[in-house]
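Q: Following this message is one structure expressed as structure tokens.
Each value in this text was obtained by applying a stated rule to the coordinates, not by laboratory testing. Keep in mind the model is a prediction, meaning the values are calculated, not measured. Cβ placement follows ideal geometry from the backbone for every residue including glycine, while neighbour counts extend to all protein chains displayed.
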Amino acid sequence: MRDKINLYGVLFFITIIVSNKIIAQQLSTKAILLTYNIDNRDDNHPPEEFYWIMPITSDSVFQAGGGIYPFYFEIFSKDNLERCTDGNPIDIFVSTTSTDWNFSEDYLHQIDEMKRYCSKNKTLIQSLKRKWFTGRKDKVNVYYTLVEATFCSCNLSEESGKMINYTGKVYLPLSFREDNWTIYEKELLMYLDDKDLVLKDIANKL
């Protein structure tokens with residue numbers, strides 16, 4: 001009888017650990033998605049876009065502050081997504097002949113819907129004009145979009161991190177739902193204004 005109780009206890013303990021790991025790596029949350037649009041005015045190439053994300057995990061995020069992380073809609077493989085979901089570091093910029101790119105049609109559709117939603121609902125918050133030592137000029141427009149989705153987060157591998165001069169977590173999308181939500185605009189703008197130097201620092205590194 002005691003052995004059964006101990007066995008149940010062990011199984012319960014394992015279940016809690018596994019559940020906590022899944023919850024820790026998969027986060028269904030509201031977030032502020034930042035779009036960095038870089039327009040190189042010296043050539044005819046279309047503007048480049050880069051994304052960073054500010055997860056909102058509690059009602060007090062605006063008072064307590066939160067992290068800002070790189071976010072990717074694409075370029076990552078199915079292998080990367082699975083490793084990220086498990087909480088393992090990913091080589092997002094590295095692929096081999098065995099890399100799996102076969103995402104489901106439903107997943108690709110949700111990501112396309114999320115990109116369209118963010119493009120349609122973005123709001124300009126900052127514009128920066130840059131002049132490089134080579135004489136090249138460009139302009140960086142920073143937009144925000146309020147989104148609600150399920151994400152996974154994990155560390156970027158050291159090799160991939162060197163390619164973008166970044167160390168830390170990245171976020172990838174798992175699913176998206178078009179569920180409009182709003183917050184007090186004044187409170188949001190105050191929060192983003194508090195992050196002004198951080199946003200500019202990110203822009204200058206792109």
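Q: Evaluate the distance, in nm, between pseudo-label points positioned 7 Å from the Cα of K115 and of W132 along their respective Cα→Cβ axes.
A: The answer from the label model is 2.4 nm.
Q: Further, regarding this structure: K30 to L189: FRET efficiency via 1/(1 + (r/R0)^6), r the Cβ-Cβ distance, R0 22 Å, to the nearest 0.05? Mind dumping the intermediate values first?
A: Working: r = 17 Å, r/R0 = 0.76.
So the FRET efficiency works out to roughly 0.85.
Q: Would you calculate the separation in nanometres between label points at I75 and F93, each defined as 7 Å from the Cα along the Cα-to-beta-carbon direction?
A: 0.7 nm
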